[in-house]
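Following: one structure in structure tokens, then a few remarks.
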């Protein structure tokens, strides 16, 4: 079985690249100054962002390979596995830039509370952020400010300034991902069509009675997307969350079944995947403004 090494500190990350640690909890490395590294896989306890500007090796995230194009940002959150798949004797020269920070560095700050909003830290490898030349310059400017603060030395202002620039960088990434959703509109619409087909096939099968209602995670997995990326994509394309989109499909199909008076409301709810009929009644009323029984009488 492949050994996975635990990456627990900024100093450990820096040491493996032969670089100096200027701050115990945060680092920004020019990877061209790093030493050659070997193939290995890590489970990270750190937040790591790679800015890759050249093709330099088949990097993986979980079990997937990154699309290693020029101008790519890769985000890794604590608890995730990443690494480089090469033969044991092969060495590679890292290039680009890497931002690394420990969760303790932002603990108790507004950024710590905001981190859950940066869903791209949970995106899969094929959902990495590809930058335009102008976007890359913005990223590098944020990195330059962080680097300047680290080289200035630790004082009572440095933490606030570094965190502010990390937050600014992540907010820009949110904007850039918004642009990427737009520029990949055709791909996204194709995913939306497949999502609709997935739901239609699901409710035409016996899966609702066996599995229950389809979850966002289930749908994302079937479409080979991470749940976070899938949710963000559906929100951008439809204005609804993925969960809301699923519920709207459930209600549309339920309306057709409710009109069939040969079936009780309870039977309809079970057919749709609800374990308890009151849960179906509550959801239906939230969406339609009437209970299923009231809707049947009115129609």
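Within the stretch 46-79, restricting attention to residues that are in contact with a helix residue (DSSP H, G or I) (Cβ under 8 Å, 6 or more places away or on another chain), surrounded by fewer than 20 Cβ atoms within 10 Å (Cβ to Cβ) and in a loop (DSSP other than H, G, I, E, B), the residue that is modelled with the lowest pLDDT is 67. Considering the stretch 87-162, the qualifying helices (runs of 4 or more DSSP H), each wholly inside and each with 1 or more residues that are in contact with a strand residue (DSSP E or B) (Cβ under 8 Å, 6 or more places away or on another chain), in contact (Cβ under 8 Å) with a residue 12 or more places away in the chain and in the same structural domain as residue 44 (by TED's automatic domain parsing), run over 103-106, 133-152. Inspection of the stretch 178-187 finds no residue satisfying the criterion of being touching a helix residue (DSSP H, G or I) at 6+ places or on another chain (Cβ under 7 Å) and surrounded by 18 or more Cβ atoms within 10 Å (Cβ to Cβ).
Among the residues of the stretch 167-195, just one is more than 18 Å from residue 227 (Cβ to Cβ), assigned by TED's automatic domain parsing to the domain that holds residue 238 and at pLDDT 90 or above, namely 193.
The values are calculated or read from the model by the stated rules, or taken from the named source; none is laboratory data. Please read all numbers here as calculations on a predicted model, not as lab measurements. Positions of Cβ are backbone-derived with ideal geometry, glycine not excepted, and every protein chain shown enters the neighbour counts.
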